[in-house]
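The structure appears right after this line, and notes come after that.
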Amino acid sequence: MSETIPSSSLPPHNLGSSIVALRARAGWIIAFGGLIALLGFLALGSVVLATLVSVYFVGFMIILAGIAEIGIGFHNKTWGGFVLWILLGLIYLGAGVSALMNPLLAAGILTLFLGAFLTASGVMRIILGFQMKAGSAWWLVVLSGVITTLLGMIILAHWPISSIYVLGLFLSLDLMFAGTGWIGLGMALRRHTHS
């Protein structure tokens with residue numbers, strides 16, 4: 001005796017049916033985007049608190065990575081591999097616990113790395129832009145690199161003071177842009193539903 005599963009409860013088989021399924025949830029997608037954007041605006045109101053939230057999140061992720069590394073170590077069949085995986089996991093655990101115990105120091109270290117990364121990646125983008133062929137949008141790549149480099153240098157120039165607010169500011173902006181993107185997706189789906 002076999003049960004027949006109604007076709008409405010089956011997962012979509014192609015992109016077209018996936019879009020149709022998403023259209024039915026356009027309102028929920030818009031509401032989700034609104035919530036994410038609202039959280040971004042709230043975080044922007046207190047970038048120091050948002051920075052601490054960011055550091056705690058990173059700290060917990062590092063601890064989870066350390067636990068995973070230790071788990072891999074216990075499943076390793078060689079003694080050398082076992083020791084290396086366990087040591088790596090313990091280093092991750094130590095870094096994660098340190099971040100949770102001293103979030104301002106961790107914010108300072110993360111902000112320093114962020115400023116250095118932005119500066120280096122901006123310089124690389126400028127170099128790549130000048131190496132692009134004429135006729136392409138090389139100047140957009142160079143402009144993007146200049147903006148990224150300046151942003152990194154501003155963060156580094158104001159470090160360690162910038163570590164109090166930079167991570168929270170980035171989290172706030174990311175949430176606002178992500179929320180706006182979800183709202184845009186939901187509105188596009190709703191617009192195509194009515195047309």
Which condition does Phe113 not pass, out of (1) surrounded by fewer than 15 Cβ atoms within 10 Å (Cβ to Cβ); (2) not in a helix (DSSP H, G or I), if it passes all the others?
(2)
Matching residues, the range 116-139, being under 19 Å from Leu151 (Cβ atoms), surrounded by 13 or more Cβ atoms within 10 Å (Cβ to Cβ) and more than 21 Å from the chain's Cα centre (by Cα)
Val123, Met124, Ile126, Leu128, Gly129
Listed by first then second residue, the pairs whose first member lies in the range 146-158 and is more than 10 Å from Leu114 (Cβ to Cβ), whose partner is among the small types (Gly, Ala, Ser) and surrounded by fewer than 16 Cβ atoms within 10 Å (Cβ to Cβ), with beta carbons under 8 Å and at least 6 positions apart or on separate chains, are Thr148/Ser121
I need the full set of residues from the range 38-51 which are crowded, with 18+ Cβ neighbours inside 10 Å and within 15 Å of Leu100 (Cα to Cα), in order please.
Ala50, Thr51
Scanning the range 53-80 residue by residue, the ones that are more than 16 Å from the chain's Cα centre (by Cα) and part of a helix (DSSP H, G or I) total 14
May I ask you to verify whether Gly186 is surrounded by 14 or more Cβ atoms within 10 Å (Cβ to Cβ), farther than 25 Å from Tyr56 by Cβ, modelled with pLDDT of 85 or more and of a type in the set (Gly, Ala, Ser)?
no
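With the requirement that a residue be of a type outside the set (Val, Ile, Thr), part of a helix (DSSP H, G or I) and under 12 Å from Gly115 (Cβ atoms), what does the range 159-174 give you?
Taking the range 159-174 as the starting set, the residues that turn out to be of a type outside the set (Val, Ile, Thr) are 159-160, 162-163, 165, 167-174.
Still in the list and also part of a helix (DSSP H, G or I): 162-163, 167-174.
Listed by number, the residues that qualify are Ser162, Ser163, Leu167, Phe170.
The values are calculated or read from the model by the stated rules, or taken from the named source; none is laboratory data. Remember, it's a predicted structure, so these values are computed and weren't measured experimentally. Here Cβ is always computed from backbone atoms with ideal geometry, including for glycine, and neighbour counts include all displayed protein chains.
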